[in-house]
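The values are calculated or read from the model by the stated rules, or taken from the named source; none is laboratory data. What you are looking at is a predicted structure, and each value in this text was computed from that prediction instead of being measured. When we count neighbours, we look across all protein chains shown, and the Cβ atoms used for this are built from the backbone with ideal geometry, even at glycine. Note: areas computed on protein heavy atoms with side chains; ligands, DNA, RNA excluded. Shrake-Rupley method; radii C 1.70, N 1.55, O 1.52, S 1.80 Å.
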Amino acid sequence: MLRPIDVPPLGVAVVGLGWWGRTIVSLLRGSKKFRLEMGVDVQAVDLPGLQITKSYDEALASRAVDAVILCTPHTQHTEQIVQAASKMKHVFCEKPLSLSRAAVLRAVHECTRNGVKLAVGHEKRFEPPIQEVFRMAKAGELGNLLQIEANFSQDKFLSLPPDNWRLSGKEAPAGPMTATGIHLLDLSIGLLGPADLVWASCSQLGSQLTNGDTLGVMVRHKSGANALISAILATPFDGRFAVYGSKGWAEVRDKAHPEAPEGWTLTVSKRGEPKQVREYPPAKAVLSNLEAFADSVSGFKPYPVPQDQMIANVSALEAVFASAKTGRAEAVEN
């Protein structure tokens, strides 16, 4: 099914023009599905060819803006989503949508009540080999899903100034969790369903990152399956996502950070069959996620991350924060 050619591009404002916001701006400029109307940032920013305002209210008041893309500090997300929904603006929000279950329920409710679309920056769902793993799992090719082992580590934050909000215990509890671990939690929930118990350990071992640089999380899902998640902010990039089932397993290894992908290696082993290794070329997963949002706004097709999974992810995220603080296993509110 082809997207109707008469659908106008989506007029958007990118809110927050730091490292990731600038990456988003660059991607939007290469897509015919978007019309980049303005950028919003409280600091003075120079991006040639882009109208910049310091006022979020100004962006929401613009008739040319159909949707906002939020690349702002995490604690601001819920209120910004609610504000946008009240002005009938669709919302694409970088992860995490919120930092608590109560907050994400409010954000989702307001978007639903006002009839606007809500999407989230979980670009790993749009990586071709990850999509193939989801397809195999849904088709039953791996059998009953038993366990996930996943790692997403990087050292990009080591060069940030100490006062950067990404290094704040308020904005980023449990250190690596909101930076990278949340992507793996999202994939685990997408495959295994909601979580009901988590145990997390976060330490500062290899850097100046006072909110923690080394995180390990054990997640028990309602299905009885487990997810073992590793996320580190003090080592060079590494990415791995492996799913084990009763009929076989599949592992995706990243060759580079999603910001500038270089491709992936997918290894599949099914009982009674030779092991298969497939190489995947680079693909713009971040842009694919954004364009899926545009397609959902146009009514072309539903956004592929269901709202119940968005809620389940933040619910488990809140339990991870609690467990990292208490040192005990914490129940996930459902």
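Just to be sure before I move on: is His109 buried (at least 21 other Cβ atoms within 10 Å of the Cβ), modelled with pLDDT of 95 or more and of a type outside the set (S, T, N, Q) in the structure I sent? Write out each step before concluding.
Working: buried (at least 21 other Cβ atoms within 10 Å of the Cβ): no; modelled with pLDDT of 95 or more: yes; of a type outside the set (S, T, N, Q): yes.
Against the criterion (buried (at least 21 other Cβ atoms within 10 Å of the Cβ), modelled with pLDDT of 95 or more and of a type outside the set (S, T, N, Q)), His109 does not qualify.
Conditions (1) part of a loop (DSSP other than H, G, I, E, B); (2) touching a strand residue (DSSP E or B) at 6+ places or on another chain (Cβ under 8 Å); (3) touching a residue at least 60 places away in the same chain (Cβ under 8 Å), marked per residue:
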residue	(1), (2), (3)
Arg63	yes, no, no
Ile69	no, yes, yes
Thr78	no, no, no
Met88	yes, no, no
Arg113	no, no, no
Ala119	no, yes, yes
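Out of contact with any Leu (no Cβ under 6 Å at 6 or more places or on another chain), surrounded by fewer than 16 Cβ atoms within 10 Å (Cβ to Cβ), under 22 Å from Val120 (Cα atoms) and small (Gly, Ala, Ser): does that describe Ala285?
So Ala285 does not fit the description; no.
Listed by first and then second residue, the pairs linking a residue in the stretch 286-303 that is within 19 Å of Ile130 (Cβ to Cβ) and in contact (Cβ under 8 Å) with a residue 24 or more places away in the chain to a residue that is open to solvent by 40 Å² or more (accessible area, probe 1.4 Å) and aliphatic (A, V, I, L, M), with Cβ atoms under 6 Å apart and 6 or more places separating them unless they lie on different chains, form an empty list. Quick one: in the stretch 198-211, of everything that is in contact with a Phe, Trp or Tyr (Cβ under 9 Å, 6 or more places away or on another chain) and free of Cβ contacts under 8 Å to residues at least 60 places away in the same chain, which residue is surrounded by the fewest Cβ atoms within 10 Å (Cβ to Cβ)? Among those that are in contact with a Phe, Trp or Tyr (Cβ under 9 Å, 6 or more places away or on another chain) and free of Cβ contacts under 8 Å to residues at least 60 places away in the same chain, it is Ser207. Of the numbered criteria (1) surrounded by fewer than 24 Cβ atoms within 10 Å (Cβ to Cβ); (2) among the hydrophobic types (A, V, I, L, M, F, W, C); (3) in a loop (DSSP other than H, G, I, E, B), the one Ala174 fails is (1). Residue-level check: of (1) in contact with a Phe, Trp or Tyr (Cβ under 9 Å, 6 or more places away or on another chain); (2) touching a residue at least 60 places away in the same chain (Cβ under 8 Å); (3) crowded, with 18+ Cβ neighbours inside 10 Å, Ala195 misses just (1).
Within the stretch 257-294, which residues are touching a Phe, Trp or Tyr at 6+ places or on another chain (Cβ under 7 Å) and more than 27 Å from Val68 (Cα to Cα)? Steps first, answer last, please.
Start the filter on the stretch 257-294 by keeping residues that are touching a Phe, Trp or Tyr at 6+ places or on another chain (Cβ under 7 Å), which leaves 257, 263-264, 266, 269, 280, 285, 288-290, 292-294.
Of everything in the stretch 257-294, those that are touching a Phe, Trp or Tyr at 6+ places or on another chain (Cβ under 7 Å) and more than 27 Å from Val68 (Cα to Cα) turn out to be Gly263, Trp264, Leu266, Ser269, Tyr280.
Of the residues making up the stretch 47-61, those that are open to solvent by 20 Å² or more (accessible area, probe 1.4 Å) and either touching a residue at least 40 places away in the same chain (Cβ under 8 Å) or in contact with a Cys (Cβ under 7 Å, 6 or more places away or on another chain) (or both) number 1.
Taking Arg166, is it under 25 Å from Ile69 (Cα atoms), out of contact with any strand residue (DSSP E or B) (no Cβ under 6 Å at 6 or more places or on another chain), outside any loop (DSSP other than H, G, I, E, B) and modelled with pLDDT of 95 or more? No; evaluated as a whole, the condition is false for this residue.
Could you tell me which of the residues Gly143, Gly169 is open to solvent by less than 60 Å² (accessible area, probe 1.4 Å), in contact (Cβ under 8 Å) with a residue 60 or more places away in the chain, out of contact with any Pro (no Cβ under 6 Å at 6 or more places or on another chain) and farther than 28 Å from Glu291 by Cβ? Talk me through it step by step, then tell me what you get.
Details: Gly169 fails: in contact (Cβ under 8 Å) with a residue 60 or more places away in the chain.
From the options Gly143, Gly169, the qualifying one is Gly143.
Filtering the stretch 75-99 to residues that are touching a helix residue (DSSP H, G or I) at 6+ places or on another chain (Cβ under 8 Å) and open to solvent by 10 Å² or more (accessible area, probe 1.4 Å) leaves Thr78, Gln80, Val82, Gln83, Ser86, Lys87, Met88, Lys89, His90, Glu94, Lys95, Leu99.
Listed here are the residues, each with its yes/no results for (1) of a type outside the set (S, T, N, Q); (2) over 16 Å from Pro129 (Cβ atoms); (3) open to solvent by less than 50 Å² (accessible area, probe 1.4 Å).
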position	(1), (2), (3)
Asp213	yes, yes, yes
Gly216	yes, yes, yes
Asn226	no, yes, yes
Ser230	no, yes, yes
Pro236	yes, yes, no
Phe241	yes, no, yes
Ala250	yes, no, yes
Asp254	yes, no, yes
